[in-house]
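Notes to accompany the following structure.
The values are calculated or read from the model by the stated rules, or taken from the named source; none is laboratory data. None of the values given here were measured: they were computed from a predicted structure. Cβ: placed from backbone, ideal geometry, glycine included. Neighbour counts: every protein chain shown.
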Amino acid sequence: MAATKVDEQGYKLIAKWNGKKYDLDVHKEYTVGQVRKMLQMLTCVQPKRQKIIGLGKKSNLEDDVTLESLQLKNPHSFMMVGCADEDVMLDQSQIDAMPLVVNDLDWNYDPSEYEEMIADVENRQKLQDTIKNVDISVINQPRRDKKLLVLDLDHTLLHFKNKRTYKRPFCFEFLKAVYPFYDIVVWSQTSWKWLEIKLIELDIFTSTDFFISFVLDHSAMFTVRSKRRKGKDGKLWEHQVKALEIIWQKFPEYYSARNTVHVDDLSRNFALNPNQGLKISKFEKTSADPNVEDTELQVLQSADI
Ligand SMILES: [Mg+2]
């Protein structure tokens, strides 16, 4: 770690990786390559595997670029994605055995449950705790007078299968079309590690036609109890939700119930904000009929949402 004092000669950089934050005190003349080496010491992610997002306007910065030339804020937050050496060494069978998506079953969510759910004291407490604990790392700043589009990842934008990421047809066309009107957020139920792998595979950060505002993983979700009972023992069904209130409270000047749309293939994720939910069909890459192309995102693009 550099011992440079943070003053007019230096920057305080805050790197977010794998759900954790790392502080780096660096001199203004440091290069991106030097920052990569510092990140390697802290995270064990080799420089060639690091993808740095939000340090400059470009997502793939050359190693010889100096920090001084990047017009950074001080402190300046950015995100690093990439697998640590120990993760790369994981046996493929171990990776295959890890859950990619938790409990993928869905039922037709009944919005009439909303009133009870939001009134439930325990649910309200969990919501407040999550709002307090979730730390959002902004990659691209919110823009004035833009609406907010929250997009699920698995089976909405892609299908991750047999170690491969299959992008949903019209995915980038859709994102490009909505970007002039919406700030875009990706919210996935997977862990941060899988989220990183999938987003890198999807190549979502390299497009210059649209920019992702920030990304949320399963740590921003919490469990609510449905009033429905299931099984022989009639247990109340519990499930996780993506509560948009978390985002609204973090960015009250920009986003609210009036200007947010949440697209997801699981309607239960809308349980606390059914008015903003838009259920999309589940995208699955199958070899059953390669001639039938999924057009959900193309249809959504042309819809007046
Ligand atoms: Mg999904």
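The set of residues in the stretch 132-154 being under 19 Å from Lys193 (Cβ atoms) and part of a loop (DSSP other than H, G, I, E, B) consists of Val134, Asp135, Ile136, Ser137, Ile139, Asp152, Leu153. Test Asp129 against the criterion of being surrounded by fewer than 17 Cβ atoms within 10 Å (Cβ to Cβ), over 17 Å from Ile197 (Cα atoms) and either free of Cβ contacts under 8 Å to residues at least 24 places away in the same chain or within 16 Å of the ligand (Cβ to nearest atom) (or both), and give yes or no. Spelling it out, it is not the case that Asp129 is surrounded by fewer than 17 Cβ atoms within 10 Å (Cβ to Cβ), over 17 Å from Ile197 (Cα atoms) and either free of Cβ contacts under 8 Å to residues at least 24 places away in the same chain or within 16 Å of the ligand (Cβ to nearest atom) (or both).
Residues in the stretch 155-165 that are free of Cβ contacts under 8 Å to residues at least 40 places away in the same chain and part of a loop (DSSP other than H, G, I, E, B): Asn162 only.
Phe211 - would you say it is in contact (Cβ under 8 Å) with a residue 40 or more places away in the chain, under 19 Å from the mean Cα position of the chain (by Cα) and closer than 22 Å to Lys20 by Cα? For Phe211, the condition - in contact (Cβ under 8 Å) with a residue 40 or more places away in the chain, under 19 Å from the mean Cα position of the chain (by Cα) and closer than 22 Å to Lys20 by Cα - is not met.
Return the only residue of Lys16, Lys73 being exposed (fewer than 15 other Cβ atoms within 10 Å of the Cβ) and either modelled with pLDDT of 75 or more or outside any helix (DSSP H, G or I) (or both). I'd like the intermediate steps shown before the answer.
On the way: Lys16 fails: exposed (fewer than 15 other Cβ atoms within 10 Å of the Cβ).
Exactly one residue qualifies, and that residue is Lys73.
When you check Phe222 against the structure, is it surrounded by 19 or more Cβ atoms within 10 Å (Cβ to Cβ), more than 16 Å from the ligand (Cβ to nearest atom), in the same structural domain as Val150 (by TED's automatic domain parsing) and under 28 Å from Gly19 (Cα atoms), yes or no? Walk me through it before giving the result.
Details: surrounded by 19 or more Cβ atoms within 10 Å (Cβ to Cβ): yes; more than 16 Å from the ligand (Cβ to nearest atom): yes; in the same structural domain as Val150 (by TED's automatic domain parsing): yes; under 28 Å from Gly19 (Cα atoms): yes.
Spelling it out, Phe222 is indeed surrounded by 19 or more Cβ atoms within 10 Å (Cβ to Cβ), more than 16 Å from the ligand (Cβ to nearest atom), in the same structural domain as Val150 (by TED's automatic domain parsing) and under 28 Å from Gly19 (Cα atoms).
Here's the yes/no breakdown for (1) under 22 Å from Leu244 (Cβ atoms); (2) more than 16 Å from the ligand (Cβ to nearest atom); (3) surrounded by fewer than 17 Cβ atoms within 10 Å (Cβ to Cβ); (4) outside the structural domain of Ala15 (by TED's automatic domain parsing):
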| site | (1), (2), (3), (4) |
| --- | --- |
| Ser137 | yes, yes, no, yes |
| Lys146 | yes, yes, no, yes |
| Asp152 | yes, no, no, yes |
| His159 | no, no, no, yes |
| Lys163 | no, yes, yes, yes |
| Tyr179 | yes, yes, no, yes |
| Thr190 | yes, no, no, yes |
| Asp209 | no, yes, yes, yes |
| Leu216 | yes, no, no, yes |
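Evaluate the following for Ala288: is it at pLDDT 90 or above and either among the small types (Gly, Ala, Ser) or away from the ligand (no atom under 16 Å from the Cβ) (or both)? Spell out how you get there, then give the answer.
Numbers: at pLDDT 90 or above: no; either among the small types (Gly, Ala, Ser) or away from the ligand (no atom under 16 Å from the Cβ) (or both): yes.
No: the conditions fail for Ala288.
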